[in-house]
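Data first, discussion second: the structure below is written as structure tokens.
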Amino acid sequence: MGNRPRDVTRLVERARLKGAPVCATCANDRPGYYLAENADELQAYLHSFRRRRRNMVKTEDALMNTLCNMTEQQR
């Protein structure tokens, strides 16, 4: 496996599924993956993760409504 972003994402996902506390950040000064050093750090990351997931669901719902309006279909 090379260092393509998709390969790295797969490796991170595998590590998470095996129990590694791998977190991610988009911070401008140090973007990338890191291991949570303790439960509080992992909890904070999970809180952020859940908030992003809720926002993604809202965006998906809005786009589905737009698609339905464009195609004159009902949800």
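Solvent exposure of the chain, expressed per residue, is 90 Å² of accessible area, with all protein chains present and a 1.4 angstrom probe.
Taking 7, 61 and ordering them by how much accessible surface each has at a 1.4 Å probe, largest first, produces 61, 7. Once all protein chains are placed together, residue 67 keeps about 90 Å² accessible to a 1.4 angstrom probe.
For segment 1-68, GluC sites (Glu not before Pro) meeting the loop criterion (DSSP other than H, G, I, E, B) and having at most 14 other Cβ atoms within 10 Å: 37.
Just flag the trypsin sites (Lys or Arg not before Pro) in segment 1-57 sitting in loop per DSSP whose Cβ has no more than 13 other Cβ atoms within 10 Å. Intermediate results must be reported in sequence, preceding the final value.
Working: sites: 6, 10, 14, 16, 18, 50, 51, 52, 53, 54; in loops: 18.
The qualifying sites are 18.
Viscosity 0.692 mPa s, temperature 37 °C: what is the translational diffusion coefficient of the chain from Stokes-Einstein with a Kirkwood Rh over Cα pairs, rounded to a whole number of µm²/s? Present the calculation step by step, with values, prior to reporting the outcome.
Numbers: Rh = 15.0 Å.
Answer from the Stokes-Einstein relation: 219 µm²/s.
Taking all protein chains as they are arranged and a probe of 1.4 Å, the heavy atoms of residue 26 leave approximately 130 Å² accessible to solvent. The value of relative contact order for the chain, using C-alpha pairs under 8 Å at least six residues apart, is 15 percent. Report the extension gain between residue 46 and residue 64 in nm, rounded to one decimal, defined as 0.36 nm multiplied by the number of residues separating them, less their alpha carbon distance. Contour length minus the Cα-Cα distance gives 3.8 nm.
The values are calculated or read from the model by the stated rules, or taken from the named source; none is laboratory data. Bear in mind the structure is a predicted one, so any value in this text is a computation, not a measurement. Cβ coordinates were reconstructed from backbone atoms using ideal geometry, including for glycine residues, and neighbour counts include every protein chain displayed. Ligands, DNA and RNA are excluded from the accessible area calculation, which covers all protein heavy atoms including side chains. Shrake-Rupley method; radii C 1.70, N 1.55, O 1.52, S 1.80 Å.
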